[in-house]
Amino acid sequence: MDPVRNPFAPGAGQRPPELAGRDRELSAFEVVLERVARGRPERSLVLTGLRGVGKTVLLGELRSMALRRGWGTGKVEARPEVGLRRPVAMALHRAVRDLAVRHRAPDRVDAVLGVLKAFALRANADGARLRDRWQPGIDVPAARGRADSGDMEIDLVELFTDVADLAADVGTGVALLVDEMQDVRPEDVSALCAACHELAQSGAPLVVVGAGLPHLPAVLSASKSYSERLFRYVAVDRLTRSAHDRAVTAPVGREGVEITPGAVEALFEASGGYPYFVQAYGKATWDAAPTNPITAEDVAVAAPEADAELAVGFFGSRYERATPAEREYLVAMAELTEGRDEAVATAGVAERLGRRPSSLSPARDSLLKKGLVFSAERGRIAFTVPHFGRFLLRA
Ligand SMILES: Nc1ncnc2c1ncn2[C@@H]1O[C@H](COP(=O)(O)OP(=O)(O)OP(=O)(O)O)[C@@H](O)[C@H]1O
Ligand SMILES: [Mg+2]
């Protein structure tokens, strides 16, 4: 088929041609938006799942839903070791600009921008080196004595309250989206949870919507025991067979091309329903198909090409981040699971490698930090990347 018209979109955060199988998540957020705007108590959503299941895409979709209702929105992508103050300031600046369009009192907007600037400039005081002092692009004078104490929790509560009030003026709310939430520094996680808790109690229309790896709920509850009452955890998983079929057939059909049931079946076999793989195998198959309709044979021809591309881009880029000792650890995990996406006992890994568990702690901790593995349960460990074990056994 004509590669120019290829509808599939493998790639981090790439909007898929068909957002299949996410109706439950979308309608849950519909309820959150409605209730929060009315000042009703409501838990916000936190999306969790493995690499490439579509968390970022879903977060983007939730953001669009909020925007369509006239909400102010902003997004943060957390990074390890980076403080939350600047990214949050930038995201809420964005949200205030969304709201300013509908707001009737420019001086109220400016007052909130002044507080936002004060909050942002505190990032410099918090130890940014002189040469990368940061100038938030906000052209009102910074306020004084609000959101600038340096105590993240107090400052977030004050800033959130003011931005939420601005949204309440126009009858909507504010959504702050936090991607890669497991990477938020511990002190910031605790401040963020506390601020959400405080805002929820006052009924202010601001929600934090998170997304992250499967151990994110453990990270949040280790920080604040009440986090389970604050967030509704939604596991974003591989697509069911019927959602997968829609993800494949709808975009192909829109291009006026047909695909045989055998080809759809073969694509499901190859991808396991994991969204990233659905896009990758779909794309390669489209390109490999010489004529309409697309057949199972086209999938068979395309699969090795897609595998090769995934081996470099999706798996390889991650494998390369591991040191030799860490790679040994990963391979032992893969052997124990025989390439399935399952958790293994860390004690089992040590036994397999013929080492004392304590001597493997550095490798394991480093893999956890690099986000290649996660531990959702004490003493057990799993790959964050689906099919990673299978990739290691093949390589
Ligand atoms: N519901 C869906 N149906 C079909 N394809 C999807 C769906 N959701 C996401 N995708 C595709 O899956 C791929 C990965 O999506 P995304 O980057 O959002 O995953 P992620 O969970 O954020 O991954 P990571 O943990 O690596 O950040 C993209 O190519 C996207 O187009
Ligand atoms: Mg993502």
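The values are calculated or read from the model by the stated rules, or taken from the named source; none is laboratory data. Being a predicted model, the structure only gives us computed values, none of them experimental. Cβ: placed from backbone, ideal geometry, glycine included. Neighbour counts: every protein chain shown.
Tell me the residue from Ser64, Ser27 that is free of Cβ contacts under 8 Å to residues at least 12 places away in the same chain and within 29 Å of Phe314 (Cβ to Cβ), please.
Details: Ser27 fails: within 29 Å of Phe314 (Cβ to Cβ).
Of the residues listed, the single one that is free of Cβ contacts under 8 Å to residues at least 12 places away in the same chain and within 29 Å of Phe314 (Cβ to Cβ) is Ser64.
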In region 70-85, anything modelled with pLDDT under 95 and under 15 Å from Leu216 (Cα atoms) is listed as Arg79, Pro80
Problem - Val46 in a loop (DSSP other than H, G, I, E, B), within 16 Å of ligand 1 (Cβ to nearest atom), among the β-branched types (Val, Ile, Thr) and in contact with a helix residue (DSSP H, G or I) (Cβ under 7 Å, 6 or more places away or on another chain) - result: no
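Hey, among the residues in region 53-102 that are assigned to a helix (DSSP H, G or I) and of a type in the set (Asp, Glu), which one's farthest from ligand 2 (Cβ to nearest atom)?
Asp98
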Here the residues within region 162-192 that are surrounded by 19 or more Cβ atoms within 10 Å (Cβ to Cβ) and β-branched (Val, Ile, Thr) are Val163, Thr172, Val174, Val178, Val184, Val189
Counted residues in region 5-42 being within 16 Å of ligand 2 (Cβ to nearest atom) and in a loop (DSSP other than H, G, I, E, B) come to 10
Over region 110-147, the set of residues acidic (Asp, Glu), at pLDDT below 95 and closer than 30 Å to Gly70 by Cα is Asp139
Scanning region 164-191 residue by residue, the ones that are under 17 Å from the mean Cα position of the chain (by Cα), more than 16 Å from ligand 1 (Cβ to nearest atom) and either in a helix (DSSP H, G or I) or not assigned by TED's automatic domain parsing to the domain that holds Val219 (or both) total 1
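One line per residue, one yes/no per condition, for (1) surrounded by 15 or more Cβ atoms within 10 Å (Cβ to Cβ); (2) of a type in the set (Ser, Thr, Tyr); (3) modelled with pLDDT under 95; (4) not assigned by TED's automatic domain parsing to the domain that holds Arg94:
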{"residue": "Glu34", "(1), (2), (3), (4)": "no, no, yes, no"}
{"residue": "Gly39", "(1), (2), (3), (4)": "no, no, yes, no"}
{"residue": "Glu42", "(1), (2), (3), (4)": "yes, no, yes, no"}
{"residue": "Val46", "(1), (2), (3), (4)": "yes, no, no, no"}
{"residue": "Leu50", "(1), (2), (3), (4)": "yes, no, no, no"}
{"residue": "Thr56", "(1), (2), (3), (4)": "yes, yes, no, no"}
{"residue": "Gly60", "(1), (2), (3), (4)": "yes, no, no, no"}
{"residue": "Ser64", "(1), (2), (3), (4)": "no, yes, no, no"}
{"residue": "Arg68", "(1), (2), (3), (4)": "no, no, no, no"}
